[in-house]
Ligand code: AFP
């Protein structure tokens, strides 16, 4: 038990409830924490909780739904519908946004979330997470589609839960990024990671290299240089990680630095990126930027992209600012017809591309 450590509620009272609609926002984040605790209890039971395995249903993404996907979605929807602080919700697991209607009280916010991210990892007992994004709702009326289609800069709060060996809740309301660890003995989230700062430099990259043949040249260039390590232009060795659970990757980057890339690729032309803008890229971008990192498509700041569809996908390159800036530079050089298409030792040794 962590006596004397600051609880989530105490942090919110001290840092959130005093600002404009702060009391409601603080109360909403307490509701998010309640849903996270329920999901944590379910996921930690594994097969014993009856929440592993798949449903015989698919979601709007065309993905087979895991039982925990559906149960997590229900936990968030019920929490928001009953909490009186939200006018509507949108979820990866639901085709369309869901307005809060009488007899439930409509609140001043919209909640957009991926209730369980990384769900292909559930049956393998690998860490998964939940991601949420909070916008202001329109005054005095039921929210419509365009109320959800706001750029990430309009988020009033964002965060994620990581269901790992410990359950963590990492949040931002635009005043830095702060991490809380669930003390299961008393059911409190305790402030364990105040004001997280992502190191500007890193030797660690995260990307699904099985997609390499589908990447654009600037990404091929960057990753080739990382793989070339000491023998190449970077003159230092890099390490690679890929958990296939964005929440776990982002949390590792917040803790020790790193760069995460799910770039635009030609694997599925209709899906220029894999990750979803509204409930993966935008909330994670706010978290990362508030921790001193960068988050870009390679060509523009993710949080400035104006969404056109609830489930639209986008390229994501985020993490340690110096590395993300380098990848952005490579995109600029490529688009301007400059920079080597590749700079791996293979090409330099054979001199094929040396000018
Ligand atoms: P699932 O929720 O379908 O497992 O997808 C997880 C995810 O959206 C993100 O968390 C991972 O970083 C990424 O997909 C993994 O994608 P690949 O399976 O193509 O590596």
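The values are calculated or read from the model by the stated rules, or taken from the named source; none is laboratory data. Owing to the predicted nature of the structure, the values given are computational and were not obtained by experimental measurement. Using ideal geometry, Cβ is built from the backbone for each residue, glycine included, and neighbour counts are taken over all protein chains shown.
Among the residues in segment 42-54, are any in contact with a strand residue (DSSP E or B) (Cβ under 6 Å, 6 or more places away or on another chain) and more than 30 Å from residue 177 (Cα to Cα)? Yes, the conditions are met somewhere in segment 42-54. Contact map, segment 233-254: residues that are under 14 Å from residue 202 (Cβ atoms) and in a strand (DSSP E or B) paired with residues that are within 16 Å of the ligand (Cβ to nearest atom) and modelled with pLDDT of 95 or more, Cβ distance under 6 Å, separation 6+ or inter-chain. Pairs shown: 239/204; 240/205; 241/206. All of (1) under 20 Å from residue 328 (Cα atoms); (2) within 14 Å of the ligand (Cβ to nearest atom) hold for residue 203 with one exception: (2). Checking the structure you have, find out if any residue of segment 294-313 is free of Cβ contacts under 8 Å to residues at least 60 places away in the same chain, within 12 Å of the ligand (Cβ to nearest atom) and within 25 Å of residue 115 (Cβ to Cβ). Checked against the condition, which is being free of Cβ contacts under 8 Å to residues at least 60 places away in the same chain, within 12 Å of the ligand (Cβ to nearest atom) and within 25 Å of residue 115 (Cβ to Cβ), segment 294-313 yields at least one hit. Look at segment 13-30: where a residue is at positive phi and a partner is at pLDDT 95 or above, sitting 6+ places away or on another chain with Cβ atoms under 6 Å, you get 21/108. The residues listed here are 184, 236; of these, the one that is closer than 30 Å to residue 32 by Cα and surrounded by fewer than 16 Cβ atoms within 10 Å (Cβ to Cβ) is 184. Against the conditions (1) more than 14 Å from the ligand (Cβ to nearest atom); (2) over 15 Å from the mean Cα position of the chain (by Cα), residue 264 satisfies every one except (1).
Tallying residues that are within 16 Å of the ligand (Cβ to nearest atom) and either crowded, with 21+ Cβ neighbours inside 10 Å or assigned to a strand (DSSP E or B) (or both) within segment 128-167 yields 12. Considering (1) in contact (Cβ under 8 Å) with a residue 24 or more places away in the chain; (2) touching a strand residue (DSSP E or B) at 6+ places or on another chain (Cβ under 9 Å); (3) farther than 22 Å from residue 27 by Cβ, the lone condition that residue 195 does not fulfil carries the number (1).
Would you confirm, using the coordinates I've provided, whether residue 116 is within 13 Å of the ligand (Cβ to nearest atom), in a strand (DSSP E or B) and assigned by TED's automatic domain parsing to the domain that holds residue 151? Judged against the criteria, residue 116 is a match. Tell me, yes or no, whether segment 332-348 has at least one residue that is surrounded by 18 or more Cβ atoms within 10 Å (Cβ to Cβ) and either out of contact with any helix residue (DSSP H, G or I) (no Cβ under 8 Å at 6 or more places or on another chain) or modelled with pLDDT of 95 or more (or both). Yes: segment 332-348 contains one or more residues that are surrounded by 18 or more Cβ atoms within 10 Å (Cβ to Cβ) and either out of contact with any helix residue (DSSP H, G or I) (no Cβ under 8 Å at 6 or more places or on another chain) or modelled with pLDDT of 95 or more (or both). Scanning segment 75-114 for residues that are free of Cβ contacts under 8 Å to residues at least 24 places away in the same chain and within 20 Å of the chain's Cα centre (by Cα) returns a single hit, 77. Only strands (runs of 3 or more DSSP E) whose full extent lies in segment 1-91 are considered here, and the ones with at least 1 residues that are surrounded by fewer than 22 Cβ atoms within 10 Å (Cβ to Cβ) are 54-58, 64-66.
Looking at 86, 30, 60, 36, just one residue is within 14 Å of the ligand (Cβ to nearest atom) and assigned by TED's automatic domain parsing to the domain that holds residue 148, and that residue is 60.
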